[in-house]
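What follows is a single structure, written as structure tokens, with notes after it.
The values are calculated or read from the model by the stated rules, or taken from the named source; none is laboratory data. All of these numbers come straight from a predicted model, not from anything done at the bench. A quick note on method: Cβ atoms are made from the backbone with ideal geometry, for glycine too, and the neighbour counts reach across all protein chains shown. Side chains included, ligands, DNA and RNA excluded: accessible areas come from the protein's heavy atoms. Shrake-Rupley method; radii C 1.70, N 1.55, O 1.52, S 1.80 Å.
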Amino acid sequence: MNSDLNNKTMKALITEEFGKPFVMKDIDQPIPKDHQVLIKIKAAGLNPLDLKIKNGQAAHAQVNLPAVPGIDMSGIVVETGKNVRDFKAGDEVFGMVGGIGGHQGTLAEYITADADHISLKPKNISFQEAAAIPLIFITAWEALTDQINIQPGQTVLIHGGNGGVGHIAIQIAVAKGAKVYTTVQPDHSDQIRKYGAEPINYTTLSVDQYVQHYTNGLGFDAVVDTVGGSVLDDSFRAVKQYTGHVVSILGWGTHSLAPLSFRNAKYSGVFTLYPLLSGERKKHHGDILKEAAHLLETGQVKVLLHPQSYSLDQADDAYSLLESGKATGKVVICC
């Protein structure tokens, strides 16, 4: 352990008031505890949740101000605490490690992370690509593998296939041998086909119409909802009788379960933040990121990045782009 790093300071962005611009400050550089590593952050990926947190609209994330924002990151290990066996100084890593539940966020120069929460970064992708992956991959994997246990040959409908979680979920499902469909606007159809899925134009086809057209009226074996609201209600109507399974990452609000019940089908929810908030199942996140690394290294999964990256000083601009809905891929801040 390198004691010369102790008692140093670092630059970090601070949320002092919800809905207000970030403030750049010098704060104490963290020191790794037992089973933690200190990481020099190279890039931080933004998610819609980050925007909700910034605007004070994510009570479930348990953020108390002032706080350093940011959930995802990639970087280089510079120091290890006691009992760390799988990482050493110089390792390139990535993970979903902070920004909620009292944990320091990733919009800073350094961060400490539990060794169970991270994985080695794939060598064939950039730090920017790696920083864009953790939350969306973990969420998609938990939906498709932990909840549905998707199998080769099954039909899977993924709502919102052009979104962050959606485009990763498509590629995971394709890699597992499923026949994948996704609801998107027509101008995204070519990109969806490149991922290996069949696009469904939800602007011209009703649920009953596309279920009839693509499944002969039987319904899909599995439906993954990444949108919520009325789309979750649509999911209950699109799933197959008896063996069908609907999973939502945004299962909030009030919904009628009658369409699902009439099909004798299943419903599950995904709450990706739980290990960070509770301290439980941390290793599971690290294991999922190892699966991500394998699929990225073998070219079976690729993350779509917005072509412009941002610096820490430009973080408010990056969040404004995210809020505008005009980003053409994952937005990344280079630290």
The stretch 105-133 versus the stretch 172-223: alpha-carbon centroid distance in Å:
32 Å
hull vol. (C-alpha, convex hull) per residue for the chain, Å³ -> 126 Å³
Within the set K33/K283; K290/K326; K20/K330; K88/K283; K42/K88; K121/K283, which residue pairs have Cα atoms separated by over 20 Å?
K290/K326; K20/K330
Rounded to a whole %, the carbon-and-sulfur portion of the accessible area of the stretch 7-82 at a 1.4 Å probe is 50 percent
Say a paramagnetic label sat at a point 7 Å from the Cα of Q57, along Cα to Cβ; which residues of the stretch 13-35 have their backbone N under 19 Å from it?
15-22
Computed, not fitted: 222 nm per-residue ellipticity of the chain from DSSP H runs ≥ 4 (each -39500 (n - 2.57)), nearest 500, equal to -7500 deg cm²/dmol
Residue-normalised accessible area of the chain, given per residue in Å² at a 1.4 Å probe
44 Å²
With +1 on the Cβ of every Lys and Arg and -1 on the Cβ of every Asp and Glu, the dipole magnitude of the stretch 200-307 about its Cα centre, in debye rounded to the nearest 20, is 200 debye
If amide H atoms are built 1.01 Å from N in the plane of the peptide, which residues on other chains or at least 5 residues away come under 5 Å of the amide H of V239?
F220
Carbon and sulfur together cover what percent of the accessible area of the stretch 118-191 at a 1.4 Å probe radius?
46 percent
How are the alpha carbon pair distances in the stretch 79-182 distributed across 10 Å bins from zero to the largest one, expressed in percent?
13, 37, 31, 16, 3
Taking 0.36 nm per residue of separation between D86 and S324 and subtracting their Cα-Cα distance, the length gained on full extension comes to 81.6 nm
How large is the direction-averaged shadow of the alpha-carbon convex hull of the stretch 142-271, in nm²?
6.9 nm²
Place the peptides 321-329, 140-148, 192-200, 55-63 in order of packing, highest mean first, counting for every residue the other Cβ atoms within 10 Å and averaging per peptide.
140-148, 192-200, 55-63, 321-329
Evaluate Rg over Rh across the stretch 1-117, taking Cα atoms for both radii and Kirkwood's formula for Rh.
0.97
With point charges of +1 on the Cβ of Lys and Arg and -1 on the Cβ of Asp and Glu, referenced to the Cα centre of the stretch 193-335, which listed residue (L296, G251, L277) lies farthest in the positive direction of the dipole?
L296
Enumerate the amide H contacts of I111 below 5 Å, restricted to partners 5 or more residues apart or on another chain; note that Pro and chain-start residues carry no placed amide H.
I39, I41
Report in % the part of the accessible area of the stretch 233-280 that belongs to carbon and sulfur, leaving out ligands and nucleic acids; probe 1.4 Å.
54 percent
Stokes-Einstein D for the stretch 240-282 at 10 °C, 1.306 mPa s, Kirkwood Rh over Cα pairs, in µm²/s?
131 µm²/s
Pop out the Kirkwood hydrodynamic radius of the stretch 202-325 from its pairwise C-alpha distances, inverse of mean 1/r, in Å to one decimal.
17.7 Å
So if I take the centroid of the Cα atoms in the stretch 259-319 and the same for the stretch 37-90, what is the distance between those two points in Å?
14 Å
Nearest-5 percent of antiparallel DSSP beta bridges in the chain?
55 percent
